[in-house]
Amino acid sequence: MPSTSQLPPPADLAAHAPIHLPIAPLYDDPNAEPRIVEHWRTVRRSWRAIAACAAVAVLATGLYVVLKTPLYTAESKILIERRTPQILDVREIVADGIGGEESNYYRTQQEILQSRALAVEVIRELGLDRDPAFTGASEDGGLIAGAIARVRASLAGLLRRAPAHALPDDGTGVAPEVVDRYLGSLSVAPITRTRLAVVRFTSPDPVLSAKVANAHVQAYIAQGLRLRSEATDDARRFMEAKLVELKERLEASEVALNAYRRSRGILSLDEKENIVVERLSDLNRRLSEAEGRRIALEAEIKLIQSRDYDSLPGVANNPLIQAIKGQLAEVERQYVELSAQFKPTYPAVEQAQAQVRDMRERLRKEIAKVVSSIESAYMAAADTEGELARKMEEQKAETLRLKDASVQYAILQREADANRGLYDSVLQRMKEIGVAAAVQASNVSVVDVASVPRFPSSPQKKRALLLALLAGVLGGVGLVLGRSHLDNSLKGAEDVERFLHVPSLGLIPGFDELRSDAKAASQLAFQAPRIGAEAGLIVARDSFSVVTEAYRSFRTALLFSQPEVEPRTLLFTSALAGEGKTTTSLNTGIAFGQLGARVLIIDADLRRATAHRRFGLANREGLSEVLTGRAELDTVTRPTSVDGVWFVSAGQLPPNPTELLASRSMAKVITQASERFDYVIIDSPPVMAVNDAVVLSPMVDGVVMVVEAHETPRKIVQRAEQRLCQARARILGVLLNRVDATSDHYSTYYGGNYYSSYYHGTGEARV
């Protein structure tokens, strides 16, 4: 107990001048740890919530897949060629799209496979609108399936209003709802980089799925054949009508051509068949020949006129004349020989001379015959040439007249030929269409026929459960991260240093989170007036609990919070009420008392005094009486059941608490208490509620801010810190209270939470 002697005068307050600390900024530190690390820690801390989300998702999905009606999918694989197989060399009527983009063609075929018209055809063929396996009348989907069906029907009735005179179908004989159900169960998927497509149908009946898939493929093939047949029939009818018209035009054009030919006397304009042209050519040829003969004979006439008979071909080439010339030469030779030997009157000479004269006369006569024939031939050739020239001119005139008539003839001939060619082409095409119509060839082939599926395609239980597990985990992580993003409270020591820029002095776990009986223990606070009955004074009750070890760690942090001098007067405050500052100040005082030091705990919360109840003491006289001069400090200082710990209650509620706490009397009380005790701990009101803690903060060696983890918004804590810094308070750090002892923040801060794991495992931990 302190002595009752007169207290010394208050010490110089300059010795306790606070250190000015910079105001903590209201923004995040750019040098803080990466966000991914923070997110990972958040996820690790909340693994139980994530596991719960995953479990709920898996359980819900498991219930769904168990109650859901199994569906069976049958598939048929088909090959779609762009052109129909050419069994005969006959051109098709329907365009095959060759030359266009291949992707457009196959997209068109896919849309045809999924068309409502094809669906209606299959429904009517198989009678699916009356089949309970298809309409769902025989399904036993359980409560969930029935509820879903009823909700879907109700929504459909609300969203869609039927007209006043609604028809049961759209003119096809099948209700639109049945067609929609059919198309909803049908899927067509082309196989990439191939000309194959897979047609799938899903229903609760495996036999029905296979039957409908095969029927749909066959209906698609039949539809293609029918389309080509309809196009062929339309083309044939069109060509039949056109053929009659072309026949009439051909007959008219040929009649006009024959009439013109007859009126002009034209047999043919073909040079090979035309008599006029042929005669003109013959006359031209004969005239050329006559002119040639005349020219040749004229050259001989010139030789005759020059009496150069020997140069005439008729003389030179005449064997008789050449023979006479030979005989004449022989007779002349004999005459010359006889003349040289005998006189001219010699009979032999005269006889030889007479032979020469006879031979020469004979030669002259023969040459005269040749000349006469040449002259006669020349005259005849000249006459012939003149006659042919005249005929030639006449024939030229006839030919020119025929050429003039051939212009109109050619026009009529071309018209007749064109009509004949068009008529023949249409007639030939009609024959081809008839042949093509007889050939039932399709460009679609069935590669795989749909077989009855042995296993349901939906629900896929393993896949659904795995996806549910993944979705649950991802959803849980998303919820945890979202909650963490929206949570602006302080959760760990790193948050304190990151947002407040002050040291973290410790983490105190929550009492009711350690053991299931903690709540029952805390309810004893106002039921027993003895020390230790209140669970908040756990340091005095249980020396080996996790909370006690946390307070001891906090005590050590306080002792080394200032390197120059050990803080002896400590002010405990918080930003808001209910953050546990009173419990923290009392347990801290008890922790210092357990070191053998003398500790004085002062309840400076003059408005809402509660500390006396924790010690089981009355609040008759206390700090307010000392500050107003109605009592002395030593008279209101009372011992507690904890060795080395004394307590000063708040006393009666004064009318002006802030003014009393800001007076020199309060500074004198703190000075006197620090002289008589080793440590003085002051429990003050919240900073943001009243100004009491702000006016007290410059009077002590250090201020400890108690913050409730995961509850108090950090912006409010920052504002409270600013107010203390503006009063030049020496803020030693922040103590996070009611931290989850199972969190990573707590385990990391206290190196794996050794005591917690030990006592939780043995069941001997007490709170």
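Scanning region 24-49 for residues that are under 34 Å from the mean Cα position of the chain (by Cα), among the hydrophobic types (A, V, I, L, M, F, W, C) and either exposed (fewer than 12 other Cβ atoms within 10 Å of the Cβ) or at pLDDT below 55 (or both) gives 36, 37. Check region 568-581 and report whether any residue there is over 27 Å from residue 716 (Cβ atoms) and of a type outside the set (S, T, N, Q). Within region 568-581 (the criterion being over 27 Å from residue 716 (Cβ atoms) and of a type outside the set (S, T, N, Q)), the answer is yes, since at least one residue qualifies.
Per-residue answers, yes or no, for (1) at pLDDT 80 or above; (2) touching a Pro at 6+ places or on another chain (Cβ under 9 Å); (3) in a loop (DSSP other than H, G, I, E, B); (4) not polar (S, T, N, Q):
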| site | (1), (2), (3), (4) |
| --- | --- |
| 301 | no, no, no, yes |
| 326 | yes, no, no, yes |
| 330 | yes, no, no, yes |
| 337 | yes, no, no, yes |
| 353 | yes, yes, no, no |
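The helices (runs of 4 or more DSSP H) located wholly in region 506-566 that include 3 or more residues which are touching a strand residue (DSSP E or B) at 6+ places or on another chain (Cβ under 9 Å) and at pLDDT 70 or above occupy 546-559. How many residues are of a type in the set (A, V, I, L, M) and part of a loop (DSSP other than H, G, I, E, B) when one looks only at region 476-505? Number of matching residues: 2.
Applying a threshold of 7 Å to beta carbon distances and a minimum spacing of six or more residues, or different chains, the list of pairs starting in region 300-316 at a residue that is farther than 14 Å from residue 369 by Cα and ending at one that is at pLDDT below 70 reads 303/311. Number of residues in region 567-591 that are surrounded by 24 or more Cβ atoms within 10 Å (Cβ to Cβ) and either in a loop (DSSP other than H, G, I, E, B) or of a type in the set (Phe, Trp, Tyr) (or both): the value is 3. If the condition is being open to solvent by less than 50 Å² (accessible area, probe 1.4 Å), more than 60 Å from the chain's Cα centre (by Cα) and closer than 27 Å to residue 715 by Cα, then region 658-689 contributes 658, 661, 681, 682, 683, 684, 685.
In summary, residue 706 fulfils each of the numbered conditions (1) assigned to a loop (DSSP other than H, G, I, E, B); (2) touching a Ser or Thr at 6+ places or on another chain (Cβ under 7 Å); (3) not small (Gly, Ala, Ser) with the single exception of condition (1). With the condition kept exactly as written, say whether any residue in region 603-626 is in contact (Cβ under 8 Å) with a residue 12 or more places away in the chain, open to solvent by 20 Å² or more (accessible area, probe 1.4 Å) and farther than 14 Å from residue 649 by Cα. Among the residues of region 603-626, not one is in contact (Cβ under 8 Å) with a residue 12 or more places away in the chain, open to solvent by 20 Å² or more (accessible area, probe 1.4 Å) and farther than 14 Å from residue 649 by Cα, which makes the answer no. Quick one: would you say residue 384 is at pLDDT below 75, in contact with a helix residue (DSSP H, G or I) (Cβ under 9 Å, 6 or more places away or on another chain) and in a helix (DSSP H, G or I)? Criteria not met by residue 384.
Across region 627-641, the qualifying residues are those that are open to solvent by 20 Å² or more (accessible area, probe 1.4 Å) and of a type in the set (Val, Ile, Thr), and the one among them that is farthest from residue 655 (Cα to Cα) is 640.
Counting the residues of region 424-454 that are assigned to a loop (DSSP other than H, G, I, E, B) and at pLDDT 70 or above gives 8.
If you go through region 593-602, how many residues are more than 21 Å from residue 634 (Cα to Cα) and either aliphatic (A, V, I, L, M) or open to solvent by less than 10 Å² (accessible area, probe 1.4 Å) (or both)? Residues meeting the conditions: 1. Could you grab the pairs with beta carbons closer than 6 Å, sequence gap of 6+ or different chains, first residue in region 51-70 and farther than 12 Å from residue 468 by Cα, second one open to solvent by less than 30 Å² (accessible area, probe 1.4 Å) and modelled with pLDDT under 90? Sorted first by the residue in region 51-70, then by its partner, the pairs are 68/459; 69/141. Taken as a whole, the structure leaves residue 78 outside the set of residues that are modelled with pLDDT under 90, aliphatic (A, V, I, L, M) and either surrounded by 14 or more Cβ atoms within 10 Å (Cβ to Cβ) or more than 31 Å from the chain's Cα centre (by Cα) (or both).
The values are calculated or read from the model by the stated rules, or taken from the named source; none is laboratory data. Everything quoted here is computed from the prediction, not taken from an experiment. Note that we place each Cβ from the backbone using ideal geometry, even for glycine, and neighbour counts take in every protein chain shown. Calculation scope for accessible area: heavy atoms of the full protein, side chains included, ligands and nucleic acids excluded. Shrake-Rupley method; radii C 1.70, N 1.55, O 1.52, S 1.80 Å.
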